[in-house]
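For reference, the structure discussed in these notes is given below.
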Amino acid sequence: MNLPSSSSAMHRRQFLRGTGVALALPMLDALLPSVKGVTAVASRTSMVCICTSLGLHAPFLFPSETGADYQLTPYLDILKEFRQDFTLFSGLSHPDQTGANGHTSEMTWLTSARFPGLSGFKNTVSVDQLAAETIGRETRWPSLVLGTGTPSLSYTRGGVMIPAESRPSRVFARLFLDGTPAEVKQQVHKLREGQSILDAVQDEARSFAQRVGAADREKLDEYLSSVRELEKKLVTSEAWAEKPKPKIDKKPPTDITDGSDLIGRMRLLFDLIPLALQTDSTRLVTVLLQGANSVPPVPGVTLDHHNLSHHGRDPAKIKQLRLIEEAQLRVVSDLLGKLKIKNERGTTLLDNTMVLFGSNLGNANSHDTRNLPILLAGGGFRHGRHVAFDAAKNTRLCNLFASMLLRLGLEIDTFGSGTGTLTGLDAA
């Protein structure tokens, strides 16, 4: 490609080229038309983050007592077997979560980016993907992004959402089923082609950076950093492609096609989490659970989940909402039970796995994003308490994320909108 001189106009669509390949550039100011004369090491600790996007009814979850001697609430009673294995937090939230609508805060639950979905909004990296940059190369899959639909909790450093995998059969195949020798060879060939494209454009990219302004150089540097990160991932992927996947004594799951069956689909996805962690196929998992505008097949429920979350304090609706949320918590309880089974060394997966369960909404009825329901289990922390922060002046949820990232071995001081690590959360 012949680079334009500083005095010539640049085409709106520009490429870096080398050895017969081309890589499209991001939209730089220098590529926009001129208008009116103005140019426009971790240990093997794992982390599982689960968000139920329609909230949890607070009166059934939070006890009035704090500390270790709290009285079990209806929801916590479902988890009583694991009372010493989790901490319940109240008074946590992200600041400035008023967004394009009442549910856009699900986009920022793991990022804390402000004003989600409004004009000019750009998301930031999610806590799992930040961790994946450091520990993701140690496993076949840097992270496992799951959900009951395509939307996910996981965002790249560039603020791009990683689509969730909602079909358990595909997740199972990705984790445990090997391709034929020909398929493996083809995959390696494709990976090597990707590496050659990245290698080919590096020199021209550096030359191009000298021809644009300071703002564009900053954008280009960020873009090329992403390219370099992708290159590292391609190299790692090639190494894993030629290694056989772990073998397990379990049949592939049968997908549930009924989109309204939140609990059934949730259970199938959760069944895969212990298998993925036990085989060290990944150490980072996110799951976004989205309630549908249809009636879930839960006995006693006749209205859709979304409608019930906006109960307007109607006792009949709250009663049905409780049935759905209790069913969800029973699936969470089953997950904790599977993670707590001891291995031959006398430890458990739960000892080495942080399980974060909660919601982006503190009160789904009013789309309130304060006082979020947040439960953290396992991971080697001292648990068994209800830790309550100021309900009027919430503590930053990102402080909890920073503590979790430290537990994963990342050397950080803060994350997102946080101010440090979380007080009241100590190692066991």
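The values are calculated or read from the model by the stated rules, or taken from the named source; none is laboratory data. As the structure is a prediction and not an experimental result, all values here were calculated from the model. Quick reminder, even Gly has a Cβ in these numbers, built from the backbone with ideal geometry, and neighbours come from all protein chains shown. The area values use the complete protein model at the heavy-atom level, side chains included, leaving out ligands, DNA and RNA. Shrake-Rupley method; radii C 1.70, N 1.55, O 1.52, S 1.80 Å.
Numerical summary
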| quantity | calculated |
| --- | --- |
| Residue count, region 163-178 (criterion: closer than 19 Å to R265 by Cβ and in a loop (DSSP other than H, G, I, E, B)) | 4 |
| Among the candidates L400, L405, L361, L356, residue that is assigned to a strand (DSSP E or B), open to solvent by less than 10 Å² (accessible area, probe 1.4 Å) and under 20 Å from H94 (Cβ atoms) | L356 |
| L76 being at pLDDT 95 or above and assigned to a loop (DSSP other than H, G, I, E, B) | no |
| Cβ-Cβ under 7 Å pairs, at least 6 apart or on other chains, region 302-329 side acidic (D, E), far side in a helix (DSSP H, G or I) and open to solvent by 60 Å² or more (accessible area, probe 1.4 Å) | none |
| Hits in region 320-344 (condition: open to solvent by 40 Å² or more (accessible area, probe 1.4 Å), farther than 22 Å from V285 by Cβ and either of a type in the set (K, R) or assigned to a helix (DSSP H, G or I) (or both)) | R322, L323 |
| Condition check for V145: touching a Leu at 6+ places or on another chain (Cβ under 6 Å), over 18 Å from T104 (Cα atoms) and surrounded by 21 or more Cβ atoms within 10 Å (Cβ to Cβ) | no |
| Selected residue (only one of T257, T282 is assigned to a loop (DSSP other than H, G, I, E, B), of a type in the set (V, I, T), out of contact with any Pro (no Cβ under 6 Å at 6 or more places or on another chain) and within 17 Å of L144 (Cβ to Cβ)) | T282 |
| Which listed residue is open to solvent by 10 Å² or more (accessible area, probe 1.4 Å), of a type outside the set (K, R) and over 18 Å from F172 (Cβ atoms), from D271, D261 | D261 |
| Sole exception among (1) hydrophobic (A, V, I, L, M, F, W, C); (2) closer than 20 Å to R322 by Cβ; (3) open to solvent by 20 Å² or more (accessible area, probe 1.4 Å) for F389, by number | (2) |
| Residue in region 187-206 that is closer than 26 Å to K245 by Cβ, modelled with pLDDT of 85 or more and open to solvent by 60 Å² or more (accessible area, probe 1.4 Å) present | no |
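Here's the yes/no breakdown for (1) small (G, A, S); (2) in contact with a Pro (Cβ under 6 Å, 6 or more places away or on another chain); (3) open to solvent by 10 Å² or more (accessible area, probe 1.4 Å); (4) at pLDDT below 95:
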residue	(1), (2), (3), (4)
A40	yes, no, yes, yes
R44	no, no, yes, yes
M47	no, no, no, no
P59	no, no, yes, no
F62	no, no, yes, no
Y70	no, yes, no, no
K80	no, no, yes, no
Q84	no, no, yes, no
